[in-house]
Amino acid sequence: MLCCEKLLSTTLGFIFLLPATTVICSSKNNIHETILSASGTIFCDGFIRGSGLHIDKSTRNSSIIMTAAHVMYDKTSDDLFEQCSYRPNNMRLQAASFADISMHGYTPHDRDKIKQSENDIAFVALSRQLSQPSFHLSKRSANLKQINSSQVLKIIRYNDTKNQIEVSKECGFVRSPKFNSNFLIFHDCPTGPGASGASIIDTSHVKLIGIHGGTLLFHSNDLSPGKTRDTSRLRQGRIIDEQILTLLEEFKSSLR
């Protein structure tokens, strides 16, 4: 089992830890179930606001989750919600309240929506350590230059219609001439209320590469006769790159 852990750390870049000391190696066949078992929902001020992923339980008496930063903000006031908790696998009775939030660059009133989306990721330390399995982030960060439109994606997100977390059908990358970013993935994966913060998986390389942030809107500037103003939507996610991994390590150090 130790050899398996070492092999996956160097080739695939992730391992899956059970509550005890057992280590299960993730493969192309089970990465979806592995991340699904470590996923949950973000519940703030009476409603489910987004999805999250349990990524660390090495800190004494605490677990750390990863989610989209904007799910913690009230859209009507641009202030943080008063009370937030994480529900492992969307189980209400196992909820753990938020204890500390990492530094992040997200601001609700930012008019530069690309910049806002690039900063829309945060880590949260919970009030207790979870018994839920955790999915450790790979030390090999995602590289946007290595991503191509032929790669197959899946998203693990909260489905508000079924009130459960589920693995989506296959989806893919989207190229757009309207937006250019070195930190965002544009995709056509199914989303909906509560999907912000959901894990995006590159099934071609068996890897978690980012989290879903939201939808960007852009308008057609074609105002010629007979044309109506057209609004298009583009779903985006923040890639988990070296910058994000560094933020996680700094946050973990601040908790010790």
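Tell me whether the range 222-230 contains one or more residues that are polar (S, T, N, Q) and either surrounded by 14 or more Cβ atoms within 10 Å (Cβ to Cβ) or at pLDDT 95 or above (or both).
At the first step, the residues of the range 222-230 found to be polar (S, T, N, Q) are 224, 228.
Adding the requirement that they be either surrounded by 14 or more Cβ atoms within 10 Å (Cβ to Cβ) or at pLDDT 95 or above (or both) leaves none.
Within the range 222-230 (the criterion being polar (S, T, N, Q) and either surrounded by 14 or more Cβ atoms within 10 Å (Cβ to Cβ) or at pLDDT 95 or above (or both)), the answer is no, since none of the residues qualifies.
Which pairs do you get when a residue that is on the phi > 0 side of the Ramachandran plot, found in the range 78-94, comes within reach of a residue that is outside any helix (DSSP H, G or I) and loosely packed, with under 10 Cβ neighbours inside 10 Å, reach meaning Cβ atoms under 6 angstrom, with the pair 6+ apart or on two chains?
Listed pairs, sorted by first residue: D78/H109.
Can you name the residue in the range 231-242 that is at pLDDT below 95 and polar (S, T, N, Q) and, of all such residues, is surrounded by the fewest Cβ atoms within 10 Å (Cβ to Cβ)?
Looking at the filtered set, the residue picked out is T231.
Between a first residue in the range 191-219 that is over 22 Å from A69 (Cβ atoms) and of a type in the set (K, R) and a second residue that is at pLDDT 95 or above and surrounded by fewer than 19 Cβ atoms within 10 Å (Cβ to Cβ), which pairs have beta carbons less than 8 Å apart while being 6 or more apart in sequence or on different chains?
Close Cβ pairs satisfying both conditions: none exist.
Of the residues that sit in the range 176-221 and are hydroxyl-bearing (S, T, Y) and modelled with pLDDT of 95 or more, which one is farthest from the chain's Cα centre (by Cα)?
Kept after step one, since they are hydroxyl-bearing (S, T, Y), are these residues of the range 176-221: 176, 181, 191, 196, 199, 203-204, 215, 220.
If we keep only those that are modelled with pLDDT of 95 or more too, we end up with 191, 196, 199.
Values: T191: 12, S196: 7, S199: 4 Å.
Here the answer is T191.
Give me the pairs, please: first residue somewhere in the range 115-138 and more than 28 Å from I185 (Cα to Cα) and in contact (Cβ under 8 Å) with a residue 40 or more places away in the chain, second residue anywhere and in a strand (DSSP E or B) and of a type in the set (D, E, K, R), beta-carbon distance under 8 Å, and either six or more positions apart or on two chains.
Qualifying pairs under 8 Å: none.
Looking at (1) in a loop (DSSP other than H, G, I, E, B); (2) touching a helix residue (DSSP H, G or I) at 6+ places or on another chain (Cβ under 9 Å), can you tell me which one R128 breaks?
Looking at each condition in turn, R128 falls short on (2).
Among the candidates I31, I114, which residue alone is modelled with pLDDT under 95 and crowded, with 20+ Cβ neighbours inside 10 Å?
After applying the criteria, what remains is I31.
The values are calculated or read from the model by the stated rules, or taken from the named source; none is laboratory data. Keep in mind it's a predicted model, so treat the numbers as computed, not measured. Cβ coordinates were reconstructed from backbone atoms using ideal geometry, including for glycine residues, and neighbour counts include every protein chain displayed.
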